[in-house]
Amino acid sequence: MTGELNDFIRAQLLTALEHLKTGRRYFTYNSFNVLLDADAGTATVEDVFAVDRQSTVMLEELRTHLRTAEDS
């Protein structure tokens, strides 16, 4: 995710995190996909090039990562 993460993607995901109260939102990008699940409180990042490679973190952890990446 870090390789493709840019200001547009970061802003799009942060905005979605702010507005997502229930349900799910799915985002597709060139090399990764992101599933935000408000009901479970998780975000799953899938590697497009390795189907069996994905990571699931709490929504707050993703939010922190996106904001930290914004500052660097």
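The values are calculated or read from the model by the stated rules, or taken from the named source; none is laboratory data. Owing to the predicted nature of the structure, the values given are computational and were not obtained by experimental measurement. For neighbour counting, all protein chains shown are included, and Cβ atoms are generated from backbone atoms with ideal geometry for every residue, glycine included. We work out accessible area using only protein heavy atoms, side chains counted, and drop any ligands, DNA or RNA first. Shrake-Rupley method; radii C 1.70, N 1.55, O 1.52, S 1.80 Å.
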>> Considering only protein heavy atoms and a probe of 1.4 Å, how much of the accessible area of the chain is carbon and sulfur, as a whole percent?
In response: 49 percent
>> List the chymotrypsin sites (Phe, Trp or Tyr not before Pro) within the stretch 1-69 that DSSP assigns to loop and that have no more than 13 neighbouring Cβ atoms inside 10 Å.
In response: 49
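Computed over the Cα atoms of the chain, what is the convex hull's projected area averaged over all directions, in nm²?
Values: hull surface 17.9 nm².
Mean projected area for the chain: 4.5 nm², to one decimal.
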> Roughly how many Å² is the accessible area per residue of the stretch 33-72, as a whole number, for a 1.4 Å probe?
Replying inline: 64 Å²
>> Just want to confirm a number: the relative contact order over the chain, from Cα pairs under 8 angstrom separated by 6+ residues, in percent.
In response: 24 percent
